[in-house]
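For reference, the structure is listed below as structure tokens.
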Amino acid sequence: MPDETKPAPPRPSAAKAPPKPAGPTYNEIIDDPVIDGIKARFGDAIEDAVELLGDQILRVRRDAAHELLRFLRDDEATRFDFLTDLTAVHRPEKTPPFEIVYHLYSFARNVRLRVKTEVGDGEAVQSVVELWSAANWMEREVWDLFGVRFNNHPDMRRLLLPADWEGHPLRKEHALEYRENDWVRRHLEIREVHPETDLTGKYEMTDFVRANR
């Protein structure tokens with residue numbers, strides 16, 4: 001018989017979860033002649049010049065963003081002749097809550113650069129379509145999904161959603177679940193069906209459809 005007076009062996013302690021690795025950090029760009037030249041030219045308009053995982057990022061005041069982007073395209077030391085992407089970020093807890101992000105590339109130098117500028121709700125940004133024609137649909141997409149307008153854009157209208165749609169679905173406060181709105185009521189003519197309605201055969205595949213699948 002087991003000795004009931006003998007104490008039970010101690011349970012092995014649960015292994016501690018390893019600490020989460022620290023995320024990547026932003027490092028200030030120093031001793032870069034091109035970035036130093038940009039900072040010297042634009043002064044306080046350059047709010048930040050940092051590097052993250054090998055990518056260089058410039059933050060610029062909204063009122064100086066267009067001038068900086070033109071300089072980056074035209075100056076011999078930079079020559080960012082290709083706009084690869086233009087998008088936005090919405091952080092409603094911040095002031096200002098929006099950030100416009102320009103992804104630039106220089107074919108001549110094989111160098112990439114991100115330029116960011118902050119925008120308040122209801123404020124507009126100067127369009128860069130005159131600098132890079134590829135910005136046309138990109139800026140329309142940002143307006144459509146985030147609600148940030150671009151002044152002097154040649155065709156500032158929605159790109160993905162209907163013209164009379166209400167709201168901008170990539171804003172953080174936009175509801176994730178389906179909600180009926182005025183556009184749905186006007187255009188889709190959704191009708192309520194009583195839960196006890198007999199729908200037998202209503203959605204079954206016909207012989208013709210089955211034969212031609």
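The values are calculated or read from the model by the stated rules, or taken from the named source; none is laboratory data. Only a predicted model underlies this, so the values are computations on that prediction, with no experimental measurement involved. Neighbour counts run over all protein chains shown; Cβ positions are idealised from the backbone, glycine included.
Do the conditions hold for ILE57, that is, is it touching a helix residue (DSSP H, G or I) at 6+ places or on another chain (Cβ under 8 Å) and surrounded by 15 or more Cβ atoms within 10 Å (Cβ to Cβ)? Outline the logic, then answer.
Numbers: touching a helix residue (DSSP H, G or I) at 6+ places or on another chain (Cβ under 8 Å): no; surrounded by 15 or more Cβ atoms within 10 Å (Cβ to Cβ): yes.
So ILE57 does not fit the description; no.
Surrounded by 13 or more Cβ atoms within 10 Å (Cβ to Cβ), outside any loop (DSSP other than H, G, I, E, B) and not small (Gly, Ala, Ser): is that true of GLU130 in this structure? So GLU130 fails the test.
Tallying residues that are of a type in the set (A, V, I, L, M, F, W, C) and assigned to a loop (DSSP other than H, G, I, E, B) within the range 73-127 yields 4.
GLY147 meets all of the listed conditions (1) within 17 Å of the chain's Cα centre (by Cα); (2) on the phi > 0 side of the Ramachandran plot; (3) modelled with pLDDT under 95; (4) of a type outside the set (D, E, K, R) but one, namely (3).
Close contacts from the range 28-53, counting a first residue that is crowded, with 16+ Cβ neighbours inside 10 Å and a second that is polar (S, T, N, Q), with Cβ to Cβ under 6 Å and a gap of 6+ residues or different chains, come to GLU51/ASN27.
Being aliphatic (A, V, I, L, M) and either closer than 24 Å to HIS66 by Cβ or not in a loop (DSSP other than H, G, I, E, B) (or both) is the filter here, so list the residues in the range 150-185 that pass it. Selection gives MET156, LEU159, LEU170, VAL184.
Quick one: is THR84 within 19 Å of GLY37 (Cα to Cα), in contact (Cβ under 8 Å) with a residue 12 or more places away in the chain and hydroxyl-bearing (Ser, Thr, Tyr)?
no
Of the residues making up the range 84-102, just one is among the charged types (D, E, K, R), loosely packed, with under 13 Cβ neighbours inside 10 Å and under 16 Å from LEU145 (Cα atoms), namely ARG91.
Can you confirm whether the range 138-149 contains a residue that is of a type outside the set (D, E, K, R), touching a residue at least 12 places away in the same chain (Cβ under 8 Å) and in a loop (DSSP other than H, G, I, E, B)? Working first, answer last.
So the first thing to find is which residues in the range 138-149 are of a type outside the set (D, E, K, R), and the list is 138, 142-143, 145-148.
This time we only want the ones that are touching a residue at least 12 places away in the same chain (Cβ under 8 Å), so: 138, 142-143, 145-148.
This time we only want the ones that are in a loop (DSSP other than H, G, I, E, B), so: 147-148.
Within the range 138-149, one or more residues are of a type outside the set (D, E, K, R), touching a residue at least 12 places away in the same chain (Cβ under 8 Å) and in a loop (DSSP other than H, G, I, E, B).
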